[in-house]
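Student: Before I ask anything, here is the structure I am working with.
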Amino acid sequence: MPAVISDHQISSKYEAVIGLEVHVQLATHTKIFCGCPTSFGAAPNSNVCPVCLGLPGALPVLNKHAVELAIAASLAIGCKINPKSVFARKNYFYPDLPKGYQISQYDQPLAEHGHIDVAVDAVQKRIGVTRVHMEDDAGKSIHDGFKDSDRYTYVDLNRSGTPLIEIVSEPDIRSSDEAHAYLTELKQVMQYLNVSTCDMEKGHLRCDANVSVRLRGAKEFGTKAEVKNVNSFRFVKMAIDCEIARQIAVIEGGGKVIQESRLYNPDADETVSMRSKEHAHDYRYFPEPDLLPLMISDSWMKSIEETTPELPASRRQRFIENYGLREYDAQVLTATRPMSEYFEKTAVISNDARAAANWVMGDLSAVLKSENKEIEDSPVPPQRLGQLIALITSGKINGRMAKDIFPKMVETGDDPETIMRREGLESISDEGALVKIIDEVIAANPKQVEQYKGGKQQVIGFLVGQAMKASRGQADPAVVNRMMKERL
């Protein structure tokens with residue numbers, strides 16, 4: 001069981017120091033050094049060739065699209081692109097690493113010195129990014145069985161050679177909440193750029209957390225432990241909290257934290273030792289002899305920069321300033337690039353950004369959730385939702401009618417005006433027709449009329465409700481309220 005350490009002990013005596021290493025699989029159709037597909041779910045060991053199998057004599061050829069995605073990602077997090085970067089062999093031996101080494105970058109990476117801005121409890125913080133480097137992925141080991149006599153490990157090399165970037169943060173993170181915010185922002189940026197789907201279930205984004213603790217105010221870092229391959233942001237947060245508590249307990253008990261790699265077990269909420277932590281010299285890095293240095297020209301970098309879409313932080317701020325959205329709404333509506341684009345198209349067509357935000361976050365999101373669809377597959381395109389809101393703004397329908405029309409738009413795919421006319425849902429704006437309805441309501445409810453005239457003002461709500469009922473909800477409540485008072 002993990003040691004129970006109070007929040008007071010952590011905050012008053014100890015400080016956590018956390019750095020994250022995030023592996024992002026680039027959204028290319030083929031692998032980084034060969035033409036094998038990167039598609040997920042193929043039969044084991046079917047998407048392989050001599051290059052990704054590491055067979056003698058096979059030569060790697062760098063995937064240009066992978067480089068462009070890596071550059072776009074690096075620029076988006078404020079990194080400086082190095083005009084020259086060098087691939088290196090990182091030597092280690094796993095059953096799922098057929099070459100016996102990984103092609104990565106070491107002392108001359110693609111990009112360096114970036115940052116990601118996060119907000120935790122309304123406090124802004126900038127977390128540094130040390131480097132972004134490119135590498136190929138290893139295969140996958142699948143373990144089956146628990147008893148030694150009945151335990152098997154299967155190796156699937158389909159993933160071997162898929163293109164990755166590793167984004168290494170500075171040790172600037174001081175809590176699991178900051179780590180979660182960093183990962184959330186990073187994932188959002190990668191998805192906005194279409195650099196990666198970041199689907200953690202498919203291994204497209206994986207995170208290792210380097211965690212240490214030190215006495216508050218100390219300048220020296222404590223001994224770090226690396227928590228490996230945590231596969232959800234929630235588990236990253238839990239694993240960090242668990243490891244902080246473990247290390248404090250070790251120190252408080254008179255022991256010493258050792259440098260090692262650990263795995264997080266979410267069922268037991270504990271980290272367990274995996275192996276002693278390797279140092280760089282253990283990998284015996286040396287330049288990859290089969291690949292030339294990667295040279296990035298200013299013109300190539302500029303062409304990539306020019307095609308970079310607006311990033312989420314900038315879009316959030318623009319939505320607040322240009323459309324008058326609340327900060328929370330802007331956060332929700334920029335959670336994904338398709339969501340932000342859908343909202344903006346709706347807002348422009350309807351000319352009512354506030355109403356567009358409410359409909360997208362409310363009725364539309366409810367439909368998508370019930371049908372298990374993403375907003376890209378919405379049964380109501382933004383043009384149609386914008387038209388519905390514009391009908392409300394123009395007074396042709398009221399909000400209640402819109403609520404009746406919207407489900408029919410979902411069901412039929414028809415535009416709102418067609419449904420409005422077909423269903424007879426157009427708002428009654430003719431005051432002559434409304435006078436007749438109001439007079440009938442007054443005549444049918446003499447008691448309430450007498451109460452209103454006697455000073456019981458709240459009775460007007462009942463009378464307006466009766467008029468709305470008589471109009472089948474097609475009258476404008478504000479107009480009915482005004483006219484009812486005038487008639488009385």
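Student: Can you name every residue in the stretch 245-269 that is part of a strand (DSSP E or B) and exposed (fewer than 15 other Cβ atoms within 10 Å of the Cβ)? Don't jump to the end; show me each part of the working.
Tutor: Taking the stretch 245-269 first, the residues part of a strand (DSSP E or B) are 260-265.
Result: N265, single match.
Student: Turning to a different aspect of this structure: Pairs please, first residue from the stretch 63-90 and without any contact (Cβ under 8 Å) to a residue 40 or more places away in the chain, second anywhere and of a type outside the set (K, R) and outside any loop (DSSP other than H, G, I, E, B), Cβ atoms under 8 Å, 6+ apart in sequence or on different chains.
Tutor: Matching pairs, first to second residue: K80/A111; K80/E112; K80/H113; K80/G114.
Student: Give me the residue from the stretch 352-406 that is among the polar types (S, T, N, Q) and surrounded by fewer than 16 Cβ atoms within 10 Å (Cβ to Cβ) and, out of that set, farthest from I419 (Cα to Cα).
Tutor: Looking only at the stretch 352-406, we keep the residues that are among the polar types (S, T, N, Q), and these are 358, 365, 370, 372, 378, 383, 387, 393-394, 398.
Then drop every residue that is not surrounded by fewer than 16 Cβ atoms within 10 Å (Cβ to Cβ), which leaves 358, 365, 370, 372, 383, 393-394.
Numbers: N358: 22, S365: 21, S370: 22, N372: 25, Q383: 15, T393: 17, S394: 16 Å.
For the stretch 352-406, the residue satisfying everything is N372.
Student: Ok, one more. Considering only strands (runs of 3 or more DSSP E) fully contained in the stretch 65-143, which possess at least 3 residues that are small (G, A, S)?
Tutor: Working: elements: 87-91, 101-105, 111-120, 123-136.
Correct list: 111-120.
Student: Between E166, E226, which is in contact (Cβ under 8 Å) with a residue 12 or more places away in the chain, touching a Ser or Thr at 6+ places or on another chain (Cβ under 6 Å) and outside any loop (DSSP other than H, G, I, E, B)?
Tutor: Working: E166 fails: touching a Ser or Thr at 6+ places or on another chain (Cβ under 6 Å).
That would be E226, the only listed residue that is in contact (Cβ under 8 Å) with a residue 12 or more places away in the chain, touching a Ser or Thr at 6+ places or on another chain (Cβ under 6 Å) and outside any loop (DSSP other than H, G, I, E, B).
Student: I'd like to check something: does the stretch 364-381 contain any residue that is farther than 18 Å from S350 by Cβ, hydroxyl-bearing (S, T, Y) and in the same structural domain as D415 (by TED's automatic domain parsing)?
Tutor: Yes, that holds for at least one residue.
Student: Name every residue in the stretch 425-451 that is modelled with pLDDT under 80 and basic (K, R), in order of residue number.
Tutor: Residue satisfying the conditions is K436 alone.
Student: Since R284 meets every condition but one in (1) without any contact (Cβ under 8 Å) to a residue 60 or more places away in the chain; (2) over 24 Å from A73 (Cβ atoms), which condition does it not meet?
Tutor: If we test R284 against (1) without any contact (Cβ under 8 Å) to a residue 60 or more places away in the chain; (2) over 24 Å from A73 (Cβ atoms), just (1) comes out false.
Student: Same structure, new question: Between residues in the stretch 41-55 that are more than 15 Å from V155 (Cβ to Cβ) and residues that are surrounded by fewer than 17 Cβ atoms within 10 Å (Cβ to Cβ) and among the aliphatic types (A, V, I, L, M), which pairs lie under 6 Å by C-beta distance while being six or more apart or on different chains?
Tutor: P50/A58; V51/A58
Student: A further question follows. Could you check how many residues of the stretch 51-62 are modelled with pLDDT of 95 or more and over 19 Å from S104 (Cα atoms)?
Tutor: Count: 0.
Student: Which of the residues belonging to the stretch 363-386 are without any contact (Cβ under 8 Å) to a residue 12 or more places away in the chain and assigned to a helix (DSSP H, G or I)?
Tutor: As a first pass, look at the stretch 363-386 and keep what is without any contact (Cβ under 8 Å) to a residue 12 or more places away in the chain: 365-366, 368-373, 377, 381.
Across the stretch 363-386, the qualifying residues are S365, A366, L368, K369, S370, D377.
The values are calculated or read from the model by the stated rules, or taken from the named source; none is laboratory data. The model shown is predicted, which means the values in this text are computed figures rather than measured ones. As a convention, Cβ positions derive from the backbone with ideal geometry for all residues, glycine included, and neighbour counts pool all protein chains shown.
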